[in-house]
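Beneath this line is the structure, given in structure tokens, with notes to follow.
The values are calculated or read from the model by the stated rules, or taken from the named source; none is laboratory data. Keep in mind it's a predicted model, so treat the numbers as computed, not measured. No Cβ is skipped: glycine too gets one built from the backbone with ideal geometry, and neighbour counts run over all protein chains shown.
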Amino acid sequence: MRPCPKGKVNNGPVLTIGQLARYVGVSTKTVRVYHAKGLLPEPERDASGYRRYPAQAVVDLLRIRTLADAGVPLARIRDLDKTPGNLSTALDQIDADLAARIKQLRATRTRLRELARGELRFLPPEVDAHLDGLPALGFSDRWIAMERELWIVLYATQPDLADTFFRDQTQTLTDPALRMLYLASDRAHDLDPTDPELDALADQIVAASIKRYGTEPPGMSSADPTIHQLLQATVNASSPAWQRLDTLIRARLGHHGMTGL
């Protein structure tokens, strides 16, 4: 900035685009983008061929940068300029959105630290406790690992539905007869797909399902069919016998007018 002659004060535009950008902490390219988007007025060139910016440009550019750093789209910043009466309400909403993002980022940092320590938990504590108790009921490590993977997928994609299914399963396992069906399904993993034991097990599972649920298990109407197919495909891929058992169960349930199981 050139010094003003003695006794005179320069009140006109004095900043070059480079100075303006440097004072605010952005690039000259960013300033030009704001010009192109209609966010910051672009001054005419002076007699020397330079564009000179007034002090108000610093204030305006700081405001734009603050809103942009907060994640506000440039188009919305331009709209706020057109409706200054709504600015206060808009800023309150932006502040609330930032608070939510900060909360989410803090949770992510916590999960990263847990991951670094090998303590990351993907499931609610009650589900972890349930899985920890399965060995005492006679379930194999293979079954427990598979069930953990399925719960992780379900809680990650449909947490409300996962809670419904989890409550139902824990209640089911309190019934000795139903628990035996789960255990039989676990042991069926290593059967030959043509073993007639699979047919008998399918009959028992279908009869128990119809008796317990009627025509539709809890929450099934709101289940995402893609996720349901993914979970069942994961189970089937781990054992030809389980795939055969699933086919038999579906065929028998279809005869009773039941779908989506």
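Annotations for the structure displayed:
- Figure legend. Inter-residue proximity from the stretch 164-191: first residues farther than 15 Å from residue 151 by Cβ, second residues assigned to a helix (DSSP H, G or I) and aromatic (Phe, Trp, Tyr), beta-carbon distance below 8 Å, spacing 6+ or different chains. Indicated pairs: 185/242; 186/143; 188/242; 189/143; 189/242.
- Residue check, residue 173 closer than 21 Å to residue 236 by Cβ, at pLDDT below 95 and surrounded by 15 or more Cβ atoms within 10 Å (Cβ to Cβ): no
- Taking the conditions (1) under 25 Å from residue 250 (Cβ atoms); (2) at pLDDT below 95; (3) not in a helix (DSSP H, G or I) in turn, residue 203 satisfies each one other than (3).
- Residue list for the stretch 174-190, filter: outside any helix (DSSP H, G or I) and within 35 Å of the chain's Cα centre (by Cα): 174
Yes/no matrix, rows are residues, columns are (1) of a type outside the set (A, V, I, L, M); (2) at pLDDT 90 or above; (3) farther than 30 Å from residue 179 by Cα:
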position	(1), (2), (3)
66	yes, no, yes
84	yes, no, yes
90	no, no, yes
93	yes, no, yes
103	yes, no, yes
107	no, no, yes
129	no, yes, no
132	yes, yes, no
